[in-house]
Each structure stands twice: as structure tokens, then as C-alpha cells.
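Q: Submitted below is the structure of interest, expressed as C-alpha cells.
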Amino acid sequence: MRVSSLLQDGELQLDERITTKGYLTATMRGGQVILRATRFVGTIPLTPGIAVRIVPRATISNLSYMLVHSGVIPSAISGFVRGYMPRFVTTNNAELIYARSLIAGVRLIARKGYMKEYLTPRLKAPWRGRLMASDTVRKHASKGVRYRHEFEQSVLTPSTVENIALKVALKQVIDWFVEHDRRNPMLREARDLYHGMWHISDWEASRSDLVRQLSKKIQSLSPRFSHYRDPLWSAYLILQSVLPELSFDGFVRLESLIIDVSKVFEAFLRRELAVRLAPHGYRVRDGNNSPSPFFIDGGGYSVHPDMIIWQDDNIVAVLDAKYKPEPKETDRYEVLSFMDAMPVTLGGFVCPADGIDTSRYLGTTASGKEMVLLRYDLAASDQDAEADRFAHNVLRMINGNHEYS
């Protein structure tokens with residue numbers, strides 16, 4: 001893109017939320033800014049008027065599947081929204097991802113005032129309201145009861161489905177932070193807003209009924225309450241513990257999610273491999289959580305393989321996930337250092353399938369270390385079958401078989 005499109009008041013100014021995150025690399029060439037994607041995908045704002053969409057190598061549905069199974073939490077760019085289609089996938093961390101959006105939305109609503117509706121009270125006051133003659137005759141007079149009458153009553157109340165949904169979602173966020181992250185400053189904000197909703201009734205029916213009614217309310221929301229739309233969608237996601245499917249633009253306005261695909265790829269492979277190798281007597285651990293010293297006599301250096309494969313008390317192999325078509329020379333040196341520090345004689349890489357190259361044996365070093373390159377097809381139509389194939393190749397590698405499927 002031309003440099004002039006990024007100038008504001010004569011200065012080159014990019015969005016501060018992305019300049020220090022490494023979402024993109026930029027170079028200057030021929031009066032143009034050349035942007036190159038790194039390991040992140042999503043819609044990334046450059047300026048208030050320009051955003052860049054980075055799509056993954058995997059299909060959208062497969063990436064959503066990997067995201068859920070990896071346990072990796074996407075980053076949400078606060079204050080920058082994009083449109084999603086109303087299709088969702090399950091997650092365990094919706095509270096953390098959308099807490100900020102929900103809190104900001106409820107704070108704005110509280111400042112502007114909660115919406116109110118005329119609703120029928122749960123407990124009707126006797127002899128008040130508009131007398132309903134036909135109901136009185138049908139229910140009482142026809143049965144010889146003269147001292148009872150039916151009245152139509154309604155009160156102006158903030159206990160609408162919309163406000164109750166926000167309150168329930170806020171309580172769910174509070175409970176999540178209490179259990180997982182008590183020191184997060186958002187916990188205090190959420191509690192303050194929740195206490196300010198004392199005048200809004202609790203929900204006494206089922207959670208599914210609240211979600212069903214909320215989905216209808218969002219779609220028919222009056223333009224006068226447009227400031228309700230974003231926090232209601234956040235509440236909808238939190239109440240169901242779901243994320244928006246990373247599909248084409250739609251009318252659901254939510255914070256833009258930025259996904260580190262390399263972390264998703266690594267965590268997904270580790271979890272799928274751990275499940276499939278366990279019946280064979282192997283354990284798969286994350287070397288990033290339990291690093292090993294690089295030098296046997298101490299020092300401040302350590303190694304962090306993505307996947308360490310154990311059998312009983314022995315390490316049998318190490319694997320490093322690389323979200324790139326082919327490992328580079330520095331990557332090979334890195335894995336050799338992993339193998340030397342463990343110590344283990346078997347190691348290698350896992351890279352996405354590129355449509356041409358297949359899993360293969362790379363060779364044996366002079367010190368007897370064997371290195372392999374395994375492929376995983378991110379575009380596979382059957383992710384379970386692909387994970388089975390990958391685990392089968394890992395077992396072949398451990399058993400010294402250099403023929404891979």
C-alpha cells in the first residue's frame with residue numbers, strides 16, 4: 001500500500017495496539033509499505049480507516065476445530081470490532097476472552113441508563129390493575145365465587161431479558177476470575193457493575209431458555225438501544241462458552257480476534273498426540289513448561305522442546321512444531337541441541353503439509369542422532385483421521401521405521 005494511506009497529519013502513524021505485538025512486518029520499497037504476515041491470523045487494524053485480514057493455511061473450519069482442541073486463548077483487540085457470521089464453536093475460556101468487552105459494554109449501559117419495559121409482575125398485588133371481566137367470569141363467577149376477580153397488571157421495570165442476560169453473564173465472569181485469576185483487575189470492575197444491578201431480577205428459569213430468548217431479543221433490538229448490541233453478543237458467547245467461527249464477515253459485531261497459529265498448531269499437536277500415544281505406554285509433555293538445562297554444570301541456559309515423549313522414566317524422542325513449509329538450518333541446530341540436552345538420539349520436526357512433500361527421514365548425524373520431518377495436513381477433511389495418521393507416524397519413528405504414511 002502507498003505510504004500516503006498511512007499518514008496522519010504528515011506523520012506515519014500505525015495503531016498502537018499492533019505496533020509492538022509483531023502481528024506484521026513492514027518494509028519500504030519504491031514508495032510503498034510492504035506488509036508481510038508472521039504467525040498471526042485475523043483482522044488487524046493499521047489505522048482507523050485501514051485494516052488487514054490475514055487468512056490461515058488451514059481451512060476456516062479446521063482452524064476453529066484446532067483452536068478449540070488446543071486450549072490456546074486468542075487475543076482480542078479491545079475497541080476494534082469486526083463482523084462475524086452467527087456460527088459458533090465451543091471453548092473453555094469465553095469468560096476471559098470477552099470479559100473486557102462485556103464489562104465495557106455494561107459500564108456504558110449503566111451510564112446511559114438501563115432499558116425498561118412494562119412487564120407482568122411475578123407476584124400480583126390484589127385488587128389492582130384493569131379488571132378483566134371475561135377472565136373473572138370464566139375463572140370465578142361461573143363457579144359461584146364472588147369475592148375473586150382477575151386484573152391485568154404491568155409495571156415499568158429494568159428486569160428485561162436483555163438486562164438479566166447481562167447480569168447472569170457478568171456473574172459467570174466473576175465466578176471464572178475468582179476460580180482462575182483472582183488478581184485480575186477486571187474482577188473488581190465486574191463486581192462493582194454487578195452490585196450496581198441489584199434492582200434487576202435474577203433468572204429463575206433454565207439457562208437454555210435465557211439463551212433462546214436472548215438470541216431473539218438481539219435480532220429485534222431497537223436502534224434506540226444500539227449500545228446494547230455488542231455487550232449482548234458478548235453475553236451470548238459467555239453464557240454458552242463459545243467463540244465465533246472464523247468465517248466471512250457478517251452482521252455480528254464482536255472484538256477482532258487475533259490468533260497465534262503457531263501456538264495453536266503446537267498445542268493442538270501435543271494434545272492430540274498425548275491422547276493417542278497413551279494407550280501405547282507413552283506420555284507427551286510440554287518442554288516449555290518443564291525446560292531442561294543446556295549445560296550439565298549449570299548456567300542460565302535451557303532448552304524447551306514443544307513435545308517430549310516419555311516411556312516410563314526415559315525420554316525416547318523430542319519433536320518441535322514449526323508452522324512453516326520447511327525447517328531452516330537454524331531449526332535443525334535447535335533440535336540437535338534439544339536432543340543433546342535431554343539426552344536422546346531421536347528427534348525431529350512437525351510441519352504443515354505443503355501438498356508436495358511428505359513425511360520423511362532426514363538422516364543420522366556423526367554422533368548417531370536420527371532426525372525426521374513429519375507432516376500434518378491442516379486442510380484434511382477428517383481431522384480425527386489425520387491425527388490418527390500423525391500418531392501412527394510418530395510410533396513408526398520411535399520404533400526405528402523410516403517408512404511413513
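The values are calculated or read from the model by the stated rules, or taken from the named source; none is laboratory data. What you see is a predicted model, and the numbers here were worked out from it, not measured in a lab. We place every Cβ from the backbone using ideal geometry, glycine too, and count neighbours over all the protein chains shown. Only protein heavy atoms, including side chains, enter the accessible area calculation; ligands, DNA and RNA are left aside. Shrake-Rupley method; radii C 1.70, N 1.55, O 1.52, S 1.80 Å.
Q: Can you tell me which residues in region 193-239 are of a type in the set (D, E), surrounded by fewer than 15 Cβ atoms within 10 Å (Cβ to Cβ) and either within 27 Å of the chain's Cα centre (by Cα) or part of a helix (DSSP H, G or I) (or both)?
A: Within region 193-239, the first condition is being of a type in the set (D, E), and the residues that meet it are 202, 204, 209, 230.
Okay, now just the ones that are also surrounded by fewer than 15 Cβ atoms within 10 Å (Cβ to Cβ), so 202, 204, 209.
Across region 193-239, the qualifying residue is only D209.
Q: How many residues does region 380-400 contain that are over 36 Å from the mean Cα position of the chain (by Cα) and either under 21 Å from P327 (Cβ atoms) or open to solvent by less than 60 Å² (accessible area, probe 1.4 Å) (or both)?
A: First pass over region 380-400, keeping only residues over 36 Å from the mean Cα position of the chain (by Cα): 399-400.
Checking the rest, the ones that are also either under 21 Å from P327 (Cβ atoms) or open to solvent by less than 60 Å² (accessible area, probe 1.4 Å) (or both) come to 400.
Of the residues in that region, 1 qualify.
Q: Please work out if Y98 is in contact with a helix residue (DSSP H, G or I) (Cβ under 6 Å, 6 or more places away or on another chain) and either among the β-branched types (V, I, T) or modelled with pLDDT of 85 or more (or both).
A: Working: in contact with a helix residue (DSSP H, G or I) (Cβ under 6 Å, 6 or more places away or on another chain): yes; either among the β-branched types (V, I, T) or modelled with pLDDT of 85 or more (or both): no.
Taking the combined requirement at face value, the residue does not satisfy it.
Q: Could you check how many residues of region 390-405 are without any contact (Cβ under 8 Å) to a residue 60 or more places away in the chain, in a helix (DSSP H, G or I) and within 18 Å of I356 (Cα to Cα)?
A: In the first step, residues of region 390-405 are kept if they are without any contact (Cβ under 8 Å) to a residue 60 or more places away in the chain; the result is 392-393, 396, 399-405.
From the residues that got through so far, the ones that are in a helix (DSSP H, G or I) too are 392-393, 396.
Now narrow it down to the ones that are within 18 Å of I356 (Cα to Cα): 393.
Number satisfying all stated conditions: 1.
Q: Output the residues belonging to region 339-377 that are of a type in the set (A, V, I, L, M) and touching a residue at least 12 places away in the same chain (Cβ under 8 Å). Walk me through it before giving the result.
A: Step one: filter region 339-377 for residues of a type in the set (A, V, I, L, M), giving 339, 341-342, 344, 346, 350, 353, 356, 362, 366, 371-374.
Within region 339-377, M339, A341, M342, V344, L346, V350, A353, L362, M371, V372, L373, L374 meet the criteria.
Q: Additional query: Within region 272-283, can you find the residues that are assigned to a strand (DSSP E or B) and open to solvent by 60 Å² or more (accessible area, probe 1.4 Å)? Walk me through how you get there before you give the answer.
A: Taking region 272-283 first, the residues assigned to a strand (DSSP E or B) are 282-283.
Correct list: R283 only.
Q: Oh, and also: Might you check whether a residue that is open to solvent by less than 50 Å² (accessible area, probe 1.4 Å), modelled with pLDDT under 90 and part of a loop (DSSP other than H, G, I, E, B) occurs anywhere in region 167-187?
A: Checked against the condition, which is being open to solvent by less than 50 Å² (accessible area, probe 1.4 Å), modelled with pLDDT under 90 and part of a loop (DSSP other than H, G, I, E, B), region 167-187 yields at least one hit.
Q: For T38, all conditions in the list (1) of a type in the set (V, I, T); (2) at pLDDT 80 or above; (3) farther than 30 Å from S381 by Cβ hold save one; what is the number of the exception?
A: (3)
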